[in-house]
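Structure record follows, encoded as structure tokens.
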Amino acid sequence: MDFPELVYGRLIKRYKRFFVDVELEDGQLVTAHCANTGSMKSILDPAPRCWLSRARPGRKLAYTWEVAEQGDTRIYVNPAGANRVVAEALQRGVVEELRGYDVIQPEVKYGTGSRVDFVLSGARGRAFVEVKNVTLGYGDGRVAFPDAVTERGTKHLRELCEIAKSGERAVLLFCVSRTDALTVHAASEIDALYAATLAEVARSGVEILAYGGAVTPEGFTLAQKLPVVVPVLPAAVPVLA
């Protein structure tokens, strides 16, 4: 995914979840839109260098926060673009497990009002793909999801499990938006129910994949598979209703 023209600065503060004040390199103080509604743990402290894009005409705020730099690590913080990054990776055949499908449909409704990020179809049948954007890092190569309690994320896992039980292919794809990632984990210390549900759905036939890549001033591109460490759930502990 290509970035539009960027400007650079340093984070001053984030507030009301959707706003960040950034001091640009020329000394100007601007307020930018923060599309990430999570806690952004491991990103805000120490204050990162910020890459901002210019908003389209008519937007209330003139800038959108796209990337945070923490030392040598670059983190794509705009979850609105994660599905575009994944769509391009699917079209280019980067996700080897999901090659061979002729049609890629985004935002597909199914069942009784549920919606999945992508449905792939073709000679291989169908694959239902849910995307999660991963930005939480521990500084040692481990990255994790979620960075805040996510009832919605747990609901998506359960819906994928129902798809798998029906005989269709169900895939959870972690879009890893940190350049320091080596392994992907469930953040059980943040959301124990999500971690337990992830373990259960993996045991029930949902495929768990993770891909990361490069974040440069030109854009964000998925390029490589990353190992996923799925929590071990004792056989006697069901978590699915």
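What follows draws every value from the coordinates through simple rules; no lab data is involved. What you see is a predicted model; the values in this text were computed from it and never measured. We place every Cβ from the backbone using ideal geometry, glycine too, and count neighbours over all the protein chains shown.
Miscellaneous remarks
- Among Leu136, Leu29, Leu182, residue whose mean-square fluctuation peaks in a GNM of the chain (springs only between Cα atoms under 10 Å): Leu29
- Cross-link partners for Lys165 among the aspartates and glutamates, with Cα-Cα distance under 13 Å and sequence neighbours closer than 8 places in the same chain left out: Glu200, Glu207.
- Antiparallel bridge percentage (DSSP; both residues within the range 79-229; nearest 5): 50 percent
- Computed from Cα positions, the angle between helix 82-92 and the longest principal axis of the chain comes to roughly 60 degrees.
- Helical content of the chain, expressed as a calculated mean residue ellipticity at 222 nm, amounts to -5000 deg cm²/dmol (DSSP H runs of 4 or more residues, -39,500 (n - 2.57) each, divided by residue number, nearest 500).
- Extension gain (nm, one decimal) between Asp72 and Arg203, 0.36 nm per residue minus Cα-Cα: 43.5 nm
- Residues Arg124 and Tyr8, FRET efficiency given R0 of 45 Å [Cβ-Cβ distance, rounded to 0.05]: 0.55
- 0 to 90° range, to nearest 10: angle between helix 192-203 axis and the chain longest Cα axis: 40 degrees
- Candidates Val176, Val149, Val86: whichever shows maximal mean-square fluctuation once the chain is modelled as a Gaussian network with Cα springs under 10 Å: Val149
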